[in-house]
Amino acid sequence: MDFKNTPLERLSAIVEGDELFHSRGVSVVKITRDGESRLLELPIRSAGIGELMEELSRRAPRPPVRTDMVRRDSPEGRALRLARDSLVRMPDLADEGYVRALAEHEREFVWAVAVQALDIEFKDSSGTPVTDPVRKREILRAGGLTTDHLTGILKDVRELTRLAEEEEDFLSGSGSA
């Protein structure tokens, strides 16, 4: 993204209560109604997304650990710089239960972030506002929101603050430059 033409605003003060760093934008999703393609513009926000992602990441399933004999001349032994064949405790990333739990966690993660990011009022069929995230998800699912739509929304939310994240990575030295 080219930021050369983006307005630069110098701050003279930061006032408590200002939503100074809350980014807002839109995510555009394609739908087809009666054989005709249309685009829906969904308002999105970044506020609270980082915290939600951190919380959900803490709840990610952990693989079971198994103990295996690793030969020092095997790829794993060389990677671990083993001086002799040794018993090594390693995560079992291929464990079927773990793989299933991780896939479910990732689905829940995407749904939770998308629901939090949508900056739009949800209402039930009688017009009553809906605030419960689980109920919002049900409304989106019943409305036909697809995995592709979810992925697009998540990508657009990340793009809202991408420049700041790139600068943070650069300043912390953890960037890929």
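The values are calculated or read from the model by the stated rules, or taken from the named source; none is laboratory data. Owing to the predicted nature of the structure, the values given are computational and were not obtained by experimental measurement. Glycine gets a Cβ as well: all are built from the backbone with ideal geometry, and neighbour counts include every protein chain shown. Each accessible area value is taken on the protein alone, full model and side chains, heavy atoms only, with ligands, DNA and RNA left out. Shrake-Rupley method; radii C 1.70, N 1.55, O 1.52, S 1.80 Å.
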(message) Tally up the residues in the range 33-67 that are under 26 Å from Gly97 (Cβ atoms) and either open to solvent by 70 Å² or more (accessible area, probe 1.4 Å) or free of Cβ contacts under 8 Å to residues at least 60 places away in the same chain (or both), please.
(response) 14
(request) Return a yes/no flag: does the range 28-35 have any residue that is closer than 21 Å to Leu150 by Cβ, basic (Lys, Arg) and within 24 Å of the chain's Cα centre (by Cα). (result) yes
(request) Select, from Arg89, Arg24, Arg33, the only residue that is out of contact with any Cys (no Cβ under 6 Å at 6 or more places or on another chain), basic (Lys, Arg) and modelled with pLDDT of 90 or more. (result) Arg89
(message) Being buried (at least 16 other Cβ atoms within 10 Å of the Cβ) and either small (Gly, Ala, Ser) or modelled with pLDDT of 90 or more (or both) is true for just one of Asp73, Asp119. Which residue is that?
(response) Asp119
(message) Quick check on Glu19: is it under 28 Å from Phe109 (Cα atoms), loosely packed, with under 11 Cβ neighbours inside 10 Å, within 24 Å of the chain's Cα centre (by Cα) and without any contact (Cβ under 8 Å) to a residue 24 or more places away in the chain?
(response) no
(request) Could you please tell me which pairs satisfy a Cβ distance under 8 Å, a separation of 6+ or placement on different chains, a first residue in the range 118-131 that is free of Cβ contacts under 8 Å to residues at least 60 places away in the same chain, and a second residue that is open to solvent by 90 Å² or more (accessible area, probe 1.4 Å) and assigned to a strand (DSSP E or B)? (result) Pro129/Lys123; Val130/Lys123
(request) Would you point out which residue out of Ser46, Ser37, Ser23, Ser57 is among the hydroxyl-bearing types (Ser, Thr, Tyr), within 28 Å of Ala114 (Cα to Cα) and touching a His at 6+ places or on another chain (Cβ under 9 Å)? (result) Ser46
